[in-house]
Amino acid sequence: MTSADAMPAVALDGEASALDAADPLRERRDLFVGAETPLVYFDGNSLGRPLKASVLRLERFARDEWGGRLIRGWDESWMQLPFDIGDALGRAALGAAPGQTVIGDSTTVLLYKLVRAAFDAAVAADPARVEIVVDRDNFPTDRYLVEGIAAERGGRVRWVDVDLAGGVTAEALQGAVGPSTAVVLLSHVAYRSGYLADAASLTRIAHDAGALIVWDLCHSAGSVPVQADAWDFDLAVGCTYKYLNGGPGSPAFAYVASRLQDRLAQPIQGWMGAADVFAMSPEYRPAEGMRRFLSGTPPIVGMLAMQDTIALLDEVGIDAVRAKSVALTEFAVRVADGLLAPLGAVVASPRDPGERGGHVTLSHPAMRAVTARLWTQDVIPDYRDPGGLRIGLSPLSTSFAETLAGLRAVEAAVRAEA
């Protein structure tokens with residue numbers, strides 16, 4: 001196909017229109033608040049647009065359930081809601097059988113619980129296993145937690161060096177694991193580059209070394225297909241405010257394979273994880289199944305909105321969402337090559353769509369200033385050092401025309417700032 005720099009503007013407009021017309025998910029865009037406005041939203045990988053149905057759900061809940069049923073709501077549905085939503089999410093987006101996924105605390109707290117529980121279980125089985133393996137470009141929370149847990153439990157961190165425009169490869173992990181490895185913590189999609197890890201292969205490598213593996217699914221859940229059961233995951237955590245549209249600060253989810261649930265002792269023992277929540281017994285006895293990974297009162301209001309996106313994913317299928325995501329990012333890369341490469345901008349994400357998640361990073365020394373300029377123009381990407389502007393293309397709410405308009409705005413801003 002002719003490169004974007006050789007195509008007149010009208011040809012790009014025509015291509016974007018043709019791609020939108022052929023998009024089987026195009027009508028779903030109208031379900032989102034604000035999608036009809038001229039604002040260009042390139043940050044769905046940080047905070048997704050709300051569904052119109054979620055606005056109504058929140059209103060009904062405040063009026064009818066909270067306001068109408070009051071504390072009776074706990075007995076009628078709220079106590080079970082974290083597990084019901086977890087199972088629905090597992091079915092729609094995680095490839096997880098029922099009874100292995102729960103909605104709980106923040107990503108940070110759930111990662112702490114699962115990494116710490118996995119480390120303690122590994123050390124109990126083999127005291128020589130004292131290392132937690134993590135890459136140097138993992139999300140800050142993941143790295144900070146690992147350092148803290150290692151210090152707290154007398155372990156040590158084994159760092160994996162990675163290409164900032166890529167991520168953890170099989171070769172890199174193979175060289176980092178061994179008889180001392182207790183736990184491996186990896187991100188399925190790298191937050192900076194969008195690199196999509198081969199989760200099945202990396203899980204096998206960890207298991208072959210005798211270690212447990214914890215997957216961070218924050219940048220893949222709802223955008224990239226996950227097969228937690230088929231890929232033999234041990235544990236996983238992901239947030240719900242990105243591609244799952246749960247809203248600012250919506251609670252994260254935890255996945256624990258059923259084979260491990262009775263082996264792991266989560267470290268934050270609260271009343272909601274006890275075997276009999278309302279017995280108020282003098283001693284803590286953990287509940288069976290996923291309830292043992294809860295601690296305090298579930299954040300019910302915060303987990304309401306994600307139900308609408310989970311239902312939508314269940315309806316259209318995660319494979320269709322992934323196909324749209326690949327088409328959007330391929331279009332974005334091609335247009336960026338034509339419009340931005342002549343200005344010195346570089347695609348700092350994998351070019352192979354099989355190795356790329358749902359966002360594309362464009363690197364240029366002026367991108368911090370470019371991002372600030374674009375925000376004043378209602379074009380909303382985000383910025384990550386060093387010099388990276390992230391184009392987050394949420395498949396259900398983003399069109400090809402919106403993508404083209406945003407990249408043209410990026411081009412103009414780079415010209416103005418460079």
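The values are calculated or read from the model by the stated rules, or taken from the named source; none is laboratory data. Nothing here was measured: the structure is a model prediction, and the numbers come from that model. Quick reminder, even Gly has a Cβ in these numbers, built from the backbone with ideal geometry, and neighbours come from all protein chains shown. Each accessible area value is taken on the protein alone, full model and side chains, heavy atoms only, with ligands, DNA and RNA left out. Shrake-Rupley method; radii C 1.70, N 1.55, O 1.52, S 1.80 Å.
Being within 17 Å of residue 219 (Cα to Cα) and touching a strand residue (DSSP E or B) at 6+ places or on another chain (Cβ under 6 Å): is that true of residue 106 here? No: the conditions fail for residue 106.
Answer yes or no: is there a residue in segment 111-121 that is in a loop (DSSP other than H, G, I, E, B) and surrounded by fewer than 23 Cβ atoms within 10 Å (Cβ to Cβ). The answer is no; no qualifying residue exists. Of the residues 160, 134, the single one that is touching a Leu at 6+ places or on another chain (Cβ under 6 Å) and under 23 Å from residue 200 (Cβ atoms) is 134. Selection of segment 33-55 for residues being closer than 16 Å to residue 310 by Cβ and assigned to a helix (DSSP H, G or I) yields 52, 53, 54. Could you please find all residues in segment 267-288 being in contact (Cβ under 8 Å) with a residue 24 or more places away in the chain and open to solvent by less than 10 Å² (accessible area, probe 1.4 Å)? Matches in segment 267-288: 272 only.
Among the residues of segment 217-239 satisfying the criterion of being of a type in the set (A, V, I, L, M) and in a loop (DSSP other than H, G, I, E, B), which is surrounded by the fewest Cβ atoms within 10 Å (Cβ to Cβ)?
Filtering segment 217-239 for residues that are of a type in the set (A, V, I, L, M) and in a loop (DSSP other than H, G, I, E, B), the one surrounded by the fewest Cβ atoms within 10 Å (Cβ to Cβ) comes out as 230.
If you check 98, 82 for being open to solvent by 10 Å² or more (accessible area, probe 1.4 Å), within 22 Å of the chain's Cα centre (by Cα) and either more than 18 Å from residue 268 (Cβ to Cβ) or not acidic (Asp, Glu) (or both), only one passes: 98. Taking residue 291 as the residue in question, decide whether it is basic (Lys, Arg), open to solvent by 30 Å² or more (accessible area, probe 1.4 Å) and closer than 20 Å to residue 83 by Cβ. It is true that residue 291 is basic (Lys, Arg), open to solvent by 30 Å² or more (accessible area, probe 1.4 Å) and closer than 20 Å to residue 83 by Cβ. Residues in segment 19-32 that are assigned to a helix (DSSP H, G or I), touching a residue at least 24 places away in the same chain (Cβ under 8 Å) and open to solvent by 40 Å² or more (accessible area, probe 1.4 Å): 19, 26, 28, 29, 31.
Among the conditions (1) within 22 Å of residue 238 (Cα to Cα); (2) of a type in the set (Phe, Trp, Tyr); (3) in contact with a Ser or Thr (Cβ under 8 Å, 6 or more places away or on another chain), residue 331 misses just one, which is (1). Here 352, 314 are screened, and the one residue that is in contact (Cβ under 8 Å) with a residue 60 or more places away in the chain and not aromatic (Phe, Trp, Tyr) is 314.
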